[in-house]
1. Taking segment 121-139, which residues are of a type in the set (Ser, Thr, Tyr) and more than 17 Å from residue 153 (Cα to Cα)?
2. Given the criteria more than 27 Å from residue 70 (Cβ to Cβ) and not charged (D, E, K, R), does residue 84 qualify?
3. For segment 81-107, which residues satisfy the criterion of being assigned to a loop (DSSP other than H, G, I, E, B) and out of contact with any Phe, Trp or Tyr (no Cβ under 8 Å at 6 or more places or on another chain)?
4. Suppose we filter 178, 199 for residues that are at pLDDT 95 or above, within 17 Å of residue 108 (Cβ to Cβ), among the hydroxyl-bearing types (Ser, Thr, Tyr) and out of contact with any Gly (no Cβ under 9 Å at 6 or more places or on another chain); which single one remains?
5. Which one of the conditions (1) on the phi > 0 side of the Ramachandran plot; (2) modelled with pLDDT under 90; (3) small (Gly, Ala, Ser) does residue 246 fail to meet, given that it meets all the rest?
6. What is the number of the single condition among (1) more than 30 Å from residue 85 (Cα to Cα); (2) in contact (Cβ under 8 Å) with a residue 24 or more places away in the chain; (3) among the basic types (Lys, Arg) that residue 268 does not meet?
7. Applying the selection to segment 73-132, what residues are in contact with a helix residue (DSSP H, G or I) (Cβ under 6 Å, 6 or more places away or on another chain) and either among the basic types (Lys, Arg) or not assigned by TED's automatic domain parsing to the domain that holds residue 150 (or both)?
8. Condition first: out of contact with any Ser or Thr (no Cβ under 9 Å at 6 or more places or on another chain) and touching a residue at least 40 places away in the same chain (Cβ under 8 Å). Now tell me which residues in segment 134-156 satisfy that.
Amino acid sequence: MGSMLISIVAVLFTAYWGLGLILYFRQPAFLYGPVREISCTPDELGLDFEEVAFKSDDGLKLGGWFIPADDSELTVLFCHGNGGNMMHRLDSINIFYNLGLNCFIFDYRGYGSSQGKPSEEGTYLDVKAAYKWLTEEKKTSPDNIIIFGRSLGASIAAQLASNAQARALIIESAFTSYVDIGRKFYPYMPVRWFARFSYKTIDYVKSVHCPVMIIHSRNDEVIPFEFGLELYEAANEPKEFVEISGGHNDGFLISSQIYNRAWKKWLKFLEDYEKQADRQQAS
């Protein structure tokens, strides 16, 4: 009986650690879901756009689109989520255009036409290169850049905002860290031991000193609503939290009225905030 029990425990132990090793080596495939083909462009929406090519600090050629709005000074630097590529964000691009905002969206390495293979450090280099193109090549003032990220892109956007000047940071459907989201999906595994990535969004948010808006759906089936609240608590003032409804990938569409109203309100706040800062500086 004792030897049988030992055998069962040994099998369970082996299976447990075998699963752990599978999860360890498969993490990049779980985290990143790039699509190479780009079959749609902002032309589908009747929008003019500039096809952009720029390079990361480690020499990779990256692709992006710059979509201008009419007579707009503000530009959204758009960090998209982990799946597909920038063509899958045309709905958001259209929203920003209708809000009167320029949009610069780009693909991380390994996505769309961008060279290379995705990695955490690589995504940080990519967003840094996008910001550099926007400020140096497009001559956009950092004070006119709104850094925006959704899902995985929220962590990438927050990392940039913790190191770069911007008018504001807006993050949507964001997790607090890669380890925290891993614990949600694999509560029975020692995720911290197996984690190959960090994406410590909450740490980045704590270091951001421009205005921050956080958007999250209470019905998000992928990233718990509580993560959004934790990020809001960690953020410095001034800050705003917007609750929407709908799923992880369609909440901004299902809650379109709330979503668009929140953006308009935030843009008005940023305008007033900038004027107040200018008055204080002048005095």
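1. First, pick out the residues of segment 121-139 that are of a type in the set (Ser, Thr, Tyr): 123-124, 131, 135.
Within segment 121-139, just 135 meets the criteria.
2. Working: more than 27 Å from residue 70 (Cβ to Cβ): yes; not charged (D, E, K, R): yes.
Answer is yes for this residue.
3. First pass over segment 81-107, keeping only residues assigned to a loop (DSSP other than H, G, I, E, B): 81-82, 85, 99-101, 107.
Within segment 81-107, 81, 100, 101, 107 qualify.
4. Working: 178 fails: at pLDDT 95 or above.
On inspection, the qualifying residue turns out to be 199.
5. (2)
6. All conditions pass for residue 268, except number (2).
7. Of everything in segment 73-132, just one residue is in contact with a helix residue (DSSP H, G or I) (Cβ under 6 Å, 6 or more places away or on another chain) and either among the basic types (Lys, Arg) or not assigned by TED's automatic domain parsing to the domain that holds residue 150 (or both), namely 109.
8. Matches in segment 134-156: 137, 143, 147.
The values are calculated or read from the model by the stated rules, or taken from the named source; none is laboratory data. Predicted, not measured: the structure shown is a model, and the values here were computed from it. We place every Cβ from the backbone using ideal geometry, glycine too, and count neighbours over all the protein chains shown.
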